[in-house]
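A.B. asks: One structure is given below, represented as structure tokens, and several questions about it will come after.
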Amino acid sequence: MAEHGDAQAALIPFLQYCQEQDGYVTQQAVSDAAALTGITDGEVESIVSFYSLLFQHPVGKHIIHACRTLSCMLGGADRLHEHIRRRLGVRNGETSADGEFTYQEVECLAACDKAPCLQHNLQFHYNVTPEEFDRLLETWRAQPAGAALPAE
Amino acid sequence: MATFEPVLTKGVGQLDLTDVAAYRKNGGFVALEKALKDMTPESIIAEVTASNLRGRGGAGFPTGKKWGFLPKDGRPRYLVCNCDEAEPGTFKDHMLLEQTPLQLIEGLILSAYAINAAHIVVYIRGEFLEGYRIFMRALSAAREAGYVGDNLLGSGYSADILVHRGAGAYICGEETAMLESIEGKRGEPRLKPPFPANAGLFGMPTVVNNVETLCCIPHILTRGAAWFASIGPPKSPGPKIISVSGQVQKPGNYEIPMGLPAGELLQDYAGGLLPGRTLKAIQPGGGSSAAIFAEDLHTGIDYDSLAAKQTMLGSGGFVVMDDTTCMVRASMTLVRFFEYESCGQCTPCREGGQWVHRILRRLEAGEGSDADLLVLNTINDTLTGTNLCPLGDSIMPFLLSVLRRFPQEFAEHVTLAGCPFDPARRMVAA
Amino acid sequence: MSADRPAASRRMVNVVIDGSALSVPEGTLVVEAAKLAGTSVPVYCYHPKMDPVGLCRICLVEIEKTPKLQIACATRVTEGMVVHTSSERVAQARNGVLEFLLLNHPLDCPICDKGGECDLQDFTMSYGPGLSRLTEPKLHKPKRVDLGPTIVLDEERCILCRRCTRFDDEIAQERNLVVIDRGHRSLIGTSDGGPYRSYFSGNTTEICPVGALTSKAYRFRARPWDLTHADSVCAQCSVGCNFRIDSRFGRIMRTFTRENLEIDDGWICDRGRYTFNYLYEPTRLRRPLMRRGDDLAECSLDDAAALCAEKLGPAARAGRVGVIGGGRLSDEEAFALQAFARQVLGTNNIDYRVHLQKFASPARFGARLIDIDDASLVLMFGAYTPEQAPILDLRLRRAVARHHTQLMYIGPYRPHLPVEAQYVEYTPGAIADLMMQLADTVHQGRTESGDGFVADIARRLAQAEKIIAVHNGRDPASVSALDRLLETLAGYNHRVGVLVVGSQGNARGAEAAGCVPNLGPGYAPCSGEAGMTTGEMLKAAADGALDALFIAGANPALTFADGALARRALENVPFLAVAEQVLTETAALADIVFPTASFAEKRGHVTNLEGRRQAFGQAVEPPVDVLSDAEIIALVARAMGHAESVSPQPAALLAGLVRAESAAERSVGDLLPRAKVDAVQPAAVEKVDATHRTFTIIPVPHLYSGGGAVAHDPGTAPMRPRPYAIVNPEDAARVGVVPGERLTLSGSGGSIDVEARVGPQAPVGVALVLADMPEAPANKLLDASGFGTATISKAASVPEQRSLERVSA
Ligand SMILES: Cc1cc2nc3c(=O)[nH]c(=O)nc-3n(C[C@H](O)[C@H](O)[C@H](O)COP(=O)(O)O)c2cc1C
Ligand code: SF4
Ligand code: FES
């Protein structure tokens, strides 16, 4: 942390680390982050709420980010998204009933040449067709439990 | 097909350029060794200025000039690398980061040396987890090989690189928002002045440069400013990576000489349109740019030629749309992007973006009215040019360009009470 | 960090605004220059007290030679600038911004508190669009968000100008009110949706340009245009913030800031703002009361005055009478009170001091509040400004946060301060020594060489260009030691100054008016022998040596340090008359209680801690039988046959006071004579005894403590703390104190029950006990030094639950 010039510069890395441990930014993490950086809990929450990759509430073990911006839309994202929503039984932004999968349609993931694309726990999957998604779903289901959105 | 010897992407796809030895074999680190031995920071800035390199992040600001703005007051300086690539349709930095991270590192060290920066921060988009990992591995390899760290190559110059991962916000690509984000705050653009050159990261003089811009630096120093300036139009020269996507045969990143006509890129590099389709619109410079059309295919892909067409080179995201694409839907998708990514500080951007999005969604769902069209046609005057940062000014250009070009398509969404491109809806309307 | 209100330099530049040429300091914001030019540019996010942020974009103006419209709130003028604030383009942009703001704004103006003083409503009228295009269905956000004890937030009305969050950050330095989420989903909120607790919260309702933030105390009560305004001065503490009292049909509806840059900078605290509804509670005294056995029964004013005369006359003739009070009266009334003592009762037994404060003014080096703004170092001891002088504290916070002022706090326990401060722990009584050592070290030029914390502080003092000391005038020894230190520093060309925080709102006025035993009005030595101090009077009364006490606007039963003595005195004295607004602990023991008018119900002057005398006007009429203190004093004087000695008229009284003051005029540089003080034995500090669970008791102040108005006000009730005692975690572990449990603290004067808290701010062996709480008077545990000892045990019974603190979701 000391490598960041100012105490608050350690805030986002710290929150990313906490989220990696707990799956989301817990209230405890908020207080710890506030204590670490010398800002208030409210300020920490304000910052957390600004960033779409920081979660203020519990999410599934598997986080699916499906790109919905223009190039992916041109590549058939709409059909894919409908399929995913139906498969998981969720609406955009929701977590599946079993609590395993959180589905979020997101903005351009910078992989537009391989549309439609999505990320599963920040791992890219390219040119995803509905059939390909079903296949992926099986492999994810079989995966051992791990933290969502791993950092390093 | 026209041949252009790739510069920035040389070896990409053939060699493992994350490996120091392979990168060296590909011509890497020659510039760094040369510069640290023989060049003063001033001469590097002079060379970069002479090359006419313009920033590849979108604004196209001359890089040498930007470096020259730093006040000479002895305060520590920062070099920040903008690797937050999130402009719709743009994926070149993503590729450079993952495929040739050592080239970026070399560019960073050279640039930091040139501006005498004490600290280098690379801001990597949060979604680029794989890219971040690759970069970190390359960084430690470069550090081990003595290209990063203390007393580089015995020159007495020291530089280390700090990596900050983004946390999900397009606006953090805007340079002052990025600085806020690195400082651990909400990524909200700052009021300017002061500009980063005077009061940037932690209030210190700061230069923010795009990944591709920085990747150009080693080549300018090895091959010389004159070589660089000779590629393409003099005021807008150099090799440029264009991210081509959308309805083409071979989407992908293509390195072209600046000034290449749009049609050649489409045809010769990207393999042309899908069979049986005709061209409808191209967004030549990312989601923020206005569209060009079939008659504009002779336009050169460079800053000035595209500006003359009331659009821009921007980030170089080249999105091709053919006759099967609904312009209302395409616009809606982009406006939704800006609405979602607006930080919300400025009223016009925050409220206007949301309003335009709702109108387009209504039109697309067949619930639009003539009043909606009137708003779309007039809102630009109060929505654009009234905000603190350029995000708000990016909401309207594409929409306006296609609205002017295809007014009947928008009107039809009202008269048909549905989208003419959606067969199901057309039947309902009929 | 940007400088405070930066830029405006002395150099003047020429600008043209809407055709009128003027010359303004270079760097002036265009919006301010426009004001000088007589035009007003509409603003939402801009507030003159805060850094420009340029968010709302309503202030766009046209500047020649600049292609894009520029925001007037953040653009600074340069030589030759030509500005148009109402061109066609500007009108269009404004219209556009208003249209955007109104898109999702509810059209509930008819029921909105802000209706009539809303900037959105006003600007829409002046510059706004017709309603034609605003057919867009509104997006909905939470309405009626309970933001805690004082405020309700309507997110739909919010235009996200962020004045409120910036106030909480830049001005209050508390940073609890924040923006949550981003884009048009942004909301104003707090951590985890918890309450927004701040002593300054009410200010956000004023600066909110729309009706998004409203005061619970004022919601739906009146429309701005129905209100009658009266300029007043807050008398809740010694800062003397200026404010306005808004009333309707003779009843106070709300209070509002009345900017005085040199005093309040345009802010008031919530205690000052919200303490007025007690006037309309049943507990407010409206009729005189006379003792009948154990009870107090209503009587007529004449009967009350007659009884007073009957009892005070003989007591006065016997020289066995005393008068206590003045610190809560106006200057005029304090003058009347001492005149009553000296001329009617013929005694110098008069004293306003019923807290630990001995002096309300510095003997020399008097400072102004604005001296804090550019102080290099503020040295605080005794006083605790966050709780005792909130608006002074705001100034201090800003100085520390914005001007690199160093704050050094010397005290027996670690204070909770929102800005950075150096804390120096001292044991009670040692501070005078510390000041002397500092004076010596500075005097002998040993600031560079020495080590240890004394040398360290001395070094900081030596490096500080301007030093302001803030204390509470409580310890005469440290006060004179401080004078020596400052004199030494002044000798080395440091600028120095002193502010004494009063224990009562008009302590300084009472002192100056002569409500002390040895000094008359204007600090002139009184004729005859010095009278008794409050402590001496109470002692005499307790010992049967006084026959009567007259108390006006003071509650020694709760606030006098030695509470046991005070209660004994008030119970034993044969005749006790008290003038009060509510039935305080002291009034409850009286033989006669006169109901008195509040500050809103009379006019006069008060003197703040700087010595600045300020006029306050009358906002509303008091109830029929309720008189001002001056009228009560005059009434009793008349009943005693001394009608000529005391006038009930503020004007006549003030004239008398001013006459006396000019007669006592001293030459510049003279030390102000000092009020007589009790000889106080040093605090009996005993070490904690684990087996006997004995602790040193240090009372701690709280903004909302006290037994008077604030204890009876429904508006401030949710903010009032419950009595508590804080002990160090080490002690808690040793003697088995669990946070939240009920404790009984037993001391020399009785015992009190409080809630247990555990925290590191309490030194080992010390229990920090909330002072001045009627439910649990800490002064039962204290002696005259202001400290005491008590044993701690678990409380036997559970008291009734006070659930006012809880905030409904
Ligand atoms: C809303 C917004 C988003 C931006 N996103 C990016 C981005 O993702 N990558 C980038 O390099 N520049 C981005 N920019 C441009 C940067 O602000 C800045 O101009 C650039 O990083 C400067 O580097 P250059 O001079 O090397 O181009 C963005 C600008 C705006 C206004
Ligand atoms: S609540 Fe009021 S002051 Fe706060 S941001 Fe909203 S409109 Fe502005
Ligand atoms: S008042 Fe200028 S932008 Fe808000």
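The values are calculated or read from the model by the stated rules, or taken from the named source; none is laboratory data. It should be emphasised that the depicted structure is a prediction, and the values quoted were computed from it without experimental measurement. Using ideal geometry, Cβ is built from the backbone for each residue, glycine included, and neighbour counts are taken over all protein chains shown.
A.B. asks: Only one residue in C:Ala784, C:Ala767, C:Ala776 is surrounded by 18 or more Cβ atoms within 10 Å (Cβ to Cβ) and in a strand (DSSP E or B). Which one?
C.D. replies: Working: C:Ala784 fails: in a strand (DSSP E or B); C:Ala776 fails: in a strand (DSSP E or B).
Matching residue, one of C:Ala784, C:Ala767, C:Ala776: C:Ala767.
A.B. asks: Let me ask something else about it. Would you be able to say whether some residue in the stretch C:480-497 is modelled with pLDDT under 90 and charged (D, E, K, R)?
C.D. replies: Taking the stretch C:480-497 and keeping what is modelled with pLDDT under 90, we get none.
Within the stretch C:480-497, not a single residue is modelled with pLDDT under 90 and charged (D, E, K, R).
A.B. asks: Still on this model: Among the residues in the stretch C:654-666, are any within 29 Å of the chain's Cα centre (by Cα), closer than 25 Å to C:Asn242 by Cβ and in a loop (DSSP other than H, G, I, E, B)?
C.D. replies: Checked the stretch C:654-666: no residue is within 29 Å of the chain's Cα centre (by Cα), closer than 25 Å to C:Asn242 by Cβ and in a loop (DSSP other than H, G, I, E, B).
A.B. asks: Confirm whether B:Gly366 is modelled with pLDDT under 95, in contact with a helix residue (DSSP H, G or I) (Cβ under 8 Å, 6 or more places away or on another chain) and either within 7 Å of chain C (Cβ to nearest Cβ) or away from ligand 1 (no atom under 16 Å from the Cβ) (or both). Let's see the steps before the verdict.
C.D. replies: Numbers: modelled with pLDDT under 95: yes; in contact with a helix residue (DSSP H, G or I) (Cβ under 8 Å, 6 or more places away or on another chain): yes; either within 7 Å of chain C (Cβ to nearest Cβ) or away from ligand 1 (no atom under 16 Å from the Cβ) (or both): yes.
Spelling it out, B:Gly366 is indeed modelled with pLDDT under 95, in contact with a helix residue (DSSP H, G or I) (Cβ under 8 Å, 6 or more places away or on another chain) and either within 7 Å of chain C (Cβ to nearest Cβ) or away from ligand 1 (no atom under 16 Å from the Cβ) (or both).
A.B. asks: Of the residues that make up the stretch C:223-233, is at least one among the aliphatic types (A, V, I, L, M), more than 14 Å from chain A (Cβ to nearest Cβ), within 16 Å of C:Gly272 (Cβ to Cβ) and part of a strand (DSSP E or B)? Before you say what the answer is, go through the steps one by one.
C.D. replies: Step one: of the stretch C:223-233, the residues among the aliphatic types (A, V, I, L, M) are C:227, C:230, C:233.
Pick out the ones that are also more than 14 Å from chain A (Cβ to nearest Cβ) and you get C:227, C:230, C:233.
Filter again for within 16 Å of C:Gly272 (Cβ to Cβ), leaving C:230, C:233.
Right, trim to part of a strand (DSSP E or B) and you get C:230, C:233.
Taking every residue of the stretch C:223-233 in turn, at least one turns out to be among the aliphatic types (A, V, I, L, M), more than 14 Å from chain A (Cβ to nearest Cβ), within 16 Å of C:Gly272 (Cβ to Cβ) and part of a strand (DSSP E or B).
A.B. asks: Shifting gears a bit: Count, please, the residues in the stretch A:103-146 that happen to be of a type outside the set (Gly, Ala, Ser), more than 14 Å from chain B (Cβ to nearest Cβ) and either over 22 Å from A:Pro58 (Cα atoms) or outside any helix (DSSP H, G or I) (or both). Before you say what the answer is, go through the steps one by one.
C.D. replies: From the stretch A:103-146, those of a type outside the set (Gly, Ala, Ser) are A:103-109, A:112-114, A:116-141, A:143-144; that's our starting set.
Now narrow it down to the ones that are more than 14 Å from chain B (Cβ to nearest Cβ): A:103, A:128-141, A:143-144.
Okay, now just the ones that are also either over 22 Å from A:Pro58 (Cα atoms) or outside any helix (DSSP H, G or I) (or both), so A:103, A:128-136, A:138-139, A:143-144.
Total satisfying the criteria: 14.
A.B. asks: Moving on. Looking for whichever is farther than 24 Å from B:Pro189 by Cβ, among the aliphatic types (A, V, I, L, M) and more than 21 Å from the chain's Cα centre (by Cα) here; the options are C:Leu160, C:Leu153. Which one fits? Lay out the reasoning, then the answer.
C.D. replies: Details: C:Leu160 fails: farther than 24 Å from B:Pro189 by Cβ.
Result of the check over C:Leu160, C:Leu153: C:Leu153.
A.B. asks: Output yes when any residue across the stretch A:55-67 is facing chain B (nearest Cβ under 9 Å) and of a type in the set (S, T, N, Q), and no when none is. If you could, list the steps in order and put the result at the bottom.
C.D. replies: Step one: filter the stretch A:55-67 for residues facing chain B (nearest Cβ under 9 Å), giving A:65.
Next, only the ones that are of a type in the set (S, T, N, Q) stay: none.
Scanning the stretch A:55-67, I find no residue that is facing chain B (nearest Cβ under 9 Å) and of a type in the set (S, T, N, Q), so the answer is no.
A.B. asks: Now for a different question. Is it the case that the stretch C:165-183 has a residue that's charged (D, E, K, R) and within 16 Å of ligand 3 (Cβ to nearest atom)? So that I can check it myself, show each step before the final result.
C.D. replies: In the first step, residues of the stretch C:165-183 are kept if they are charged (D, E, K, R); the result is C:166, C:168-170, C:174-175, C:181-182.
Next, from what is left, pick out any that are within 16 Å of ligand 3 (Cβ to nearest atom): C:166, C:170.
Within the stretch C:165-183, one or more residues are charged (D, E, K, R) and within 16 Å of ligand 3 (Cβ to nearest atom).
A.B. asks: Would you mention how many residues in the stretch C:164-182 are part of a loop (DSSP other than H, G, I, E, B) and within 22 Å of B:Leu391 (Cβ to Cβ)?
C.D. replies: At the first step, the residues of the stretch C:164-182 found to be part of a loop (DSSP other than H, G, I, E, B) are C:172-177, C:181-182.
Those still in the list that are within 22 Å of B:Leu391 (Cβ to Cβ) too: C:181-182.
Residues meeting the conditions: 2.
A.B. asks: How many residues does the stretch C:281-298 hold that are free of Cβ contacts under 8 Å to residues at least 40 places away in the same chain and either of a type in the set (D, E, K, R) or surrounded by 12 or more Cβ atoms within 10 Å (Cβ to Cβ) (or both)? Before you say what the answer is, go through the steps one by one.
C.D. replies: Step one: filter the stretch C:281-298 for residues free of Cβ contacts under 8 Å to residues at least 40 places away in the same chain, giving C:282, C:292-295, C:297-298.
This time we only want the ones that are either of a type in the set (D, E, K, R) or surrounded by 12 or more Cβ atoms within 10 Å (Cβ to Cβ) (or both), so: C:292, C:294-295, C:298.
The total comes to 4.
A.B. asks: Hey, another quick one. Just to verify a result, which residue in the stretch B:201-213, among those that are within 9 Å of ligand 1 (Cβ to nearest atom) and not in a helix (DSSP H, G or I), is nearest to the other protein chains (Cβ to nearest Cβ)?
C.D. replies: B:Asn210
A.B. asks: Related question: Within the stretch C:172-184, count every residue that is more than 9 Å from chain A (Cβ to nearest Cβ) and farther than 19 Å from C:Ser215 by Cα. If you could, list the steps in order and put the result at the bottom.
C.D. replies: Step one: list which residues in the stretch C:172-184 are more than 9 Å from chain A (Cβ to nearest Cβ), which gives C:172-173, C:183-184.
Now narrow it down to the ones that are farther than 19 Å from C:Ser215 by Cα: C:173, C:183-184.
So the count comes out to 3.
A.B. asks: If you don't mind, there's one more thing I want to ask. Contact list please: Cβ distance under 6 Å, first residue in the stretch B:48-68 and under 15 Å from B:Val80 (Cβ atoms) and in contact (Cβ under 8 Å) with a residue 24 or more places away in the chain, second residue assigned to a loop (DSSP other than H, G, I, E, B) and near ligand 1 (Cβ under 6 Å from one of its atoms), pairs at least six apart or on different chains.
C.D. replies: B:Gly55/B:Phe61; B:Thr63/B:Gly55
A.B. asks: Can you tell me which condition C:Leu482 does not meet? The list is (1) touching a helix residue (DSSP H, G or I) at 6+ places or on another chain (Cβ under 6 Å); (2) farther than 25 Å from C:Gln504 by Cβ, and all the others hold.
C.D. replies: Condition not satisfied by C:Leu482: (2).
A.B. asks: Restricting the search to the stretch B:7-48, which residues are in contact with a strand residue (DSSP E or B) (Cβ under 7 Å, 6 or more places away or on another chain) and in a helix (DSSP H, G or I)? Show your work before the answer.
C.D. replies: Within the stretch B:7-48, the subset in contact with a strand residue (DSSP E or B) (Cβ under 7 Å, 6 or more places away or on another chain) is B:7-9, B:22, B:26.
Correct list: B:Ala22 only.
A.B. asks: Another one. Among the residues of the stretch B:182-191, how many are away from ligand 1 (no atom under 12 Å from the Cβ) and at the interface with chain A (Cβ under 10 Å from one of its Cβ atoms)?
C.D. replies: Filtering the stretch B:182-191 down to residues away from ligand 1 (no atom under 12 Å from the Cβ) leaves B:182-186, B:191.
Keeping just the survivors that are at the interface with chain A (Cβ under 10 Å from one of its Cβ atoms) gives B:182-186.
Residues that pass the stated criteria total 5.
A.B. asks: Out of the residues in the stretch B:155-175 that are surrounded by fewer than 24 Cβ atoms within 10 Å (Cβ to Cβ) and in contact (Cβ under 8 Å) with a residue 60 or more places away in the chain, state the one that is nearest to ligand 1 (Cβ to nearest atom).
C.D. replies: The qualifying residue nearest to ligand 1 (Cβ to nearest atom) is B:Tyr157.
A.B. asks: Which of (1) closer than 26 Å to C:Ala597 by Cα; (2) surrounded by 24 or more Cβ atoms within 10 Å (Cβ to Cβ) is the odd one out, the single condition C:Arg342 does not satisfy?
C.D. replies: (2)
A.B. asks: Against the definition (more than 14 Å from chain A (Cβ to nearest Cβ) and more than 14 Å from ligand 2 (Cβ to nearest atom)), how does C:Ile159 come out, yes or no? Spell out the reasoning first.
C.D. replies: Working: more than 14 Å from chain A (Cβ to nearest Cβ): yes; more than 14 Å from ligand 2 (Cβ to nearest atom): no.
Taking the combined requirement at face value, the residue does not satisfy it.
A.B. asks: Among the numbered criteria (1) within 22 Å of C:Glu259 (Cα to Cα); (2) surrounded by fewer than 21 Cβ atoms within 10 Å (Cβ to Cβ); (3) not small (Gly, Ala, Ser), which one does C:Glu621 miss?
C.D. replies: Exception for C:Glu621: condition (1).
A.B. asks: Name every residue in the stretch C:190-209 that is surrounded by 22 or more Cβ atoms within 10 Å (Cβ to Cβ), in contact (Cβ under 8 Å) with a residue 24 or more places away in the chain and either more than 21 Å from the chain's Cα centre (by Cα) or facing another protein chain (nearest Cβ under 8 Å) (or both), in order of residue number.
C.D. replies: Result: C:Thr190, C:Cys208, C:Pro209.
A.B. asks: All but one of (1) within 16 Å of ligand 3 (Cβ to nearest atom); (2) closer than 21 Å to B:Arg125 by Cβ; (3) not acidic (Asp, Glu) hold for B:Lys192; which doesn't?
C.D. replies: (2)
A.B. asks: Please go through the stretch C:101-117 and pick out each residue that is within 14 Å of chain B (Cβ to nearest Cβ) and part of a helix (DSSP H, G or I). Spell out the reasoning first.
C.D. replies: The initial filter retains those residues of the stretch C:101-117 that are within 14 Å of chain B (Cβ to nearest Cβ), namely C:101-105.
Of everything in the stretch C:101-117, those that are within 14 Å of chain B (Cβ to nearest Cβ) and part of a helix (DSSP H, G or I) turn out to be C:Leu101, C:Leu102, C:Leu103.
A.B. asks: Listed residues B:Glu130, B:Glu144; which is within 12 Å of another protein chain (Cβ to nearest Cβ), surrounded by fewer than 24 Cβ atoms within 10 Å (Cβ to Cβ) and either acidic (Asp, Glu) or closer than 29 Å to B:Phe338 by Cα (or both)?
C.D. replies: Values: B:Glu144 fails: within 12 Å of another protein chain (Cβ to nearest Cβ).
Just a single option satisfies the conditions, and that option is B:Glu130.
A.B. asks: Still on this structure, I have one more. Considering each residue of the stretch B:313-358, count those that are assigned to a loop (DSSP other than H, G, I, E, B), more than 14 Å from chain C (Cβ to nearest Cβ) and either over 20 Å from the mean Cα position of the chain (by Cα) or without any contact (Cβ under 8 Å) to a residue 60 or more places away in the chain (or both), and give that number.
C.D. replies: Count: 4.
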